[in-house]
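No value in this document is a laboratory result; all are computed from the given coordinates. Given the structure is predicted, the values throughout are model-derived calculations rather than measurements. Quick reminder, even Gly has a Cβ in these numbers, built from the backbone with ideal geometry, and neighbours come from all protein chains shown.
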Amino acid sequence: MTRFLVFACILISTGLLIGVYFSGGYPFHGFVLIFLMLVWSGGLFMHWRWMSILQLFLYYVFIAFGFFLDLSAGPLAGQPGLVAALLIGAAVFALLASDLADFAARLRLAAPEDDVAGLERQHLLRLLAVALTGGALSAIALTTRVAYSFEWSVVLTIIVVWGIIRVINWLLQRNR
Amino acid sequence: MSRTFITAFLTYLLILAGLAVLSAPLLALALPLFLYLLVSLWRVPGEIHLQVERRLSTQRILIDDVVKVTLEVTNLGVSLEELLLEDLLPPGLEIVAGSPRRLVRLPSSRSVTWTYSLRGKRGSYALNRLCVTARDTLGLVAVRQLIDTGSQLFVVPPVLRLRRVAIQPRRTRVYSGSIPARQGGPGVEFFDVREYQSGDAPRWINWRVTARHPLALYSNQFEQERVADVGLILDGRRRSNEFGRNSIFEHSVLATAALSEALLNAGNRVGMLFYGRHIVWTYPGYGKLQGERILHDLSRLEPGDSEVFSELYVPRNLFPARSQLVLVSPLISEDYEALVALRTQGYHLLVVSPDPVSFELATMARTEDIMLAARIARLKRIVLFRRLLGVGIQAVDWDTFQPFEKVAKQYLERRLILPRGVRR
């Protein structure tokens, strides 16, 4: 089941991105994405574990690039919110595909008597919860409008960097 | 580069880029990744506390026999969401049934037990490493640990049953056995006649001799049969055993195992010396236990080249003077001098030589040149054997395509009357 879900997630993520890029008038980018999807699928057939993480990186580059292009044209004209939602959706599905591809590779090491279905069910539930929460947080972040000045952004940047450093330190101490 | 690093790098990149260009969508894009990373790192298993017990159905098997390995892993620490247990097998072992790996979820204080079957080539295998990989909830971060389980498996060569190996060293030990001791006393075979002594059984009286010498009675003496010291020497030199990718060494090991069994069964004190890359010395001993020791040592021997001894080398202090030596070696022409030197020391030598010519020929295309070369090699070997026989060394040429039992029955069961050769 995991393998099927991997391909489904790749297809959905690529489909969303292609849709946005094609409708925005960037067909070349769409063709590049089709090529990337084929390479990713080929990598899965070849059992190249590194391919998924590389593709996740490339997909995120495309998604980030999409935010800088004016993609609200054609059928999506005047709907920047929908474009952003589609791009965030593509990002979430790319993350799911990357995680599930690695999980499928790990499941190949299971013995016939192992409870693979149980492991799959548990992993999918957790992953789904993380993906849904992440997607929801992104949506909230994009829809909530809070006006702040440049000074506030500098302060927030410092707080964020300090917070991340604290989290890393805490996790390192916890795992030691 | 690990998935954790790439994911963290991507998250950082998006956050920093979003803050640098003041782009809300980029920051929003980082959120799912950040959450994914956070959940993974949150549930990284800290230290793994596992207790592993390994059980082997037997610690010693013959080649082609199967051993069952049972592993029981108990989690003494925190619950592990995804645990990969991998029994690391040394090369040379083959899995017959089951799997040496398990992928499980192992809650605290619970255990998992599984069994798989192995067989292997001759050798001594350390089955002592279980690789444990525990992952976090989402499988992003792995904590790996090697657990020592301390087991060893010996795959020993098959022991062919030989009825008897006829040897007659000059020196025997005091215990009774089956080797003629060249001394009169209780026994079976006629040895000599001496004047009657009180205690001699009347049926031992030799009436013919007594009739010729009417002043006294004469009785028969029999040859005592005792046990002897036997030194088995196994040649593990690469130059005499290996021909390209093929090695005749396994045949030498087979013959050594069979000979040691037969000699020990006859009550002899048997030791074994192996020389190849290193010298391995199995101290002499009697009985089944010694047979096991020799088999264990045989299981871990591999041919190799010694940095010190390029020629046949037998440390004489290991074997008592005038004892019986049995050399198992494919032999090369240069060995002649070393064997004669041993003979001059008074050792009785028996050479069992797996035939390297026919062995190597079987792996080659039979062209005219190769057949001519094989003929020359065979003639050289015949000459070497005749020269050895000339100095009183019995050499048995074993065509490895013949069963060793058959060759042993033909050449080793009966005592060969050898020329005196070199006398001491």
So how far, in whole Å, is the C-alpha centre of the stretch A:88-140 from the one of the stretch B:291-361?
64
Counting sequence-distant residues (5 or more places) and residues on other chains, those with an amide H built under 5 Å from that of residue B:285 are B:270, B:271
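By count of other Cβ within 10 Å, fewest leading, how are B:283, A:26, A:60 ordered? Before the final figure, lay out each step's value.
Numbers: B:283 9, A:26 19, A:60 22.
With the sparsest Cβ surroundings first, the list reads B:283, A:26, A:60.
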Can you pull the Rg over Rh of the stretch B:229-411, Cα-only, Kirkwood?
0.95
Only loop residues by DSSP count here, and only those with at most 13 other Cβ atoms within 10 Å; note down the trypsin sites (Lys or Arg not before Pro) in the stretch B:364-409 that meet that.
B:366
Ranking B:331, B:217 by Cβ neighbours within 10 Å, fewest first, what do you get?
B:217, B:331
If exposed GluC sites (Glu not before Pro) are those in a DSSP loop with at most 14 other Cβ within 10 Å, what is the longest stretch of chain B that has none?
B:48-306
Given all pairs of distinct Cα atoms, the stretch B:50-156 yields a Kirkwood Rh in Å of 14.4
Antiparallel bridges, percent of DSSP beta bridges restricted to chain B (to nearest 5)
70
Return the tail of the calculated pair distribution for chain B, meaning the percent of Cα-Cα pairs more than 32 Å apart.
57
Identify the trypsin sites (Lys or Arg not before Pro) of the stretch B:256-306 meeting these criteria: DSSP loop state and at most 16 other C-beta atoms within 10 Å of the C-beta.
B:277, B:300
In deg cm²/dmol, rounded to the nearest 500, the helical mean residue ellipticity at 222 nm of the protein assembly as shown, built from -39500 (n - 2.57) for every DSSP H run of length 4 or more, is -15000 deg cm²/dmol
Compute the separation of the alpha-carbon centres of the stretch B:202-249 and the stretch B:56-106 and state it in Å as a whole number.
51
Specify the residue with the greatest mean-square fluctuation among B:323, B:111, B:198, computed from a Gaussian network of chain B linking alpha-carbon atoms under 10 Å apart.
B:198
Starting from the 7 Å offset along Cα-to-Cβ, what nm value, one decimal, do you get for the label separation of residue B:296 and residue B:322?
3.4
Taking square-rooted eigenvalues a ≥ b ≥ c of the alpha carbon gyration tensor, is the protein assembly as shown rounded, prolate or oblate, where a/c under 1.5 means rounded and, failing that, a/b exceeding b/c means prolate?
prolate
Please list, by residue number, every one of the trypsin sites (Lys or Arg not before Pro) in the stretch A:135-174 that is coil in DSSP and has at most 12 other beta-carbon atoms within 10 Å.
A:145
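Please get the size of the charge dipole for the protein assembly as shown, origin at its Cα centre, with Cβ charges of +1 on Lys and Arg and -1 on Asp and Glu, quoted in debye to the nearest 20.
In debye, rounded to 20, the protein assembly as shown gives about 2240.
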Per residue of B:98-106, what is the mean number of Cβ atoms on other protein chains within 10 angstrom of that residue's Cβ?
5
Leading residue at positive end of dipole, the protein assembly as shown (Cβ point charges), from B:20, B:123, A:5:
B:123
Mean separation of Cα contacts under 8 Å (6+ apart) over length of chain B, as relative contact order %
12
Lys/Arg +1, Asp/Glu -1 at C-beta; the stretch A:2-145 dipole; positive extreme among A:69, A:35, A:112
A:69
Need one value for A:161-169: mean number of C-beta atoms belonging to other chains within 10 Å of its residues' C-beta atoms.
2
Decide, for the stretch A:2-145, between rounded, prolate and oblate: order the square roots of the alpha carbon gyration tensor eigenvalues as a ≥ b ≥ c, take rounded if a/c falls under 1.5, and otherwise choose prolate if a/b is larger than b/c, else oblate.
oblate
Students often get this wrong: which residues of the stretch B:29-49 have the backbone nitrogen under 15 Å from the point 7 angstrom along Cα-to-C-beta of residue B:145?
B:44-49
Nearest 10 degrees, 0 to 90: what angle lies between the long axis of helix B:24-42 and the longest principal axis of chain B (Cα atoms)?
40
Name the shape class, rounded, prolate or oblate, that the alpha-carbon gyration tensor gives for the stretch A:101-176, where a ≥ b ≥ c are the square roots of its eigenvalues, rounded holds for a/c under 1.5, and otherwise prolate holds if a/b is larger than b/c and oblate otherwise.
oblate
For each of B:73, B:52, count neighbouring Cβ atoms within 10 Å of the residue's Cβ, then give the residues from fewest to most.
B:52, B:73
Counting partner chain Cβ atoms within 10 Å of every residue's Cβ in A:133-143, what's the average?
5
The relative contact order of chain A, taking Cα pairs under 8 Å that sit 6 or more residues apart, comes to a percentage of 27
I want the antiparallel fraction of DSSP beta bridges within the stretch B:229-411, as a percent rounded to 5.
25
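Nearest 5 percent is fine: what portion of the DSSP beta bridges confined to the protein assembly as shown is antiparallel?
Of the beta bridges lying entirely in the protein assembly as shown, close to 70 percent run antiparallel.
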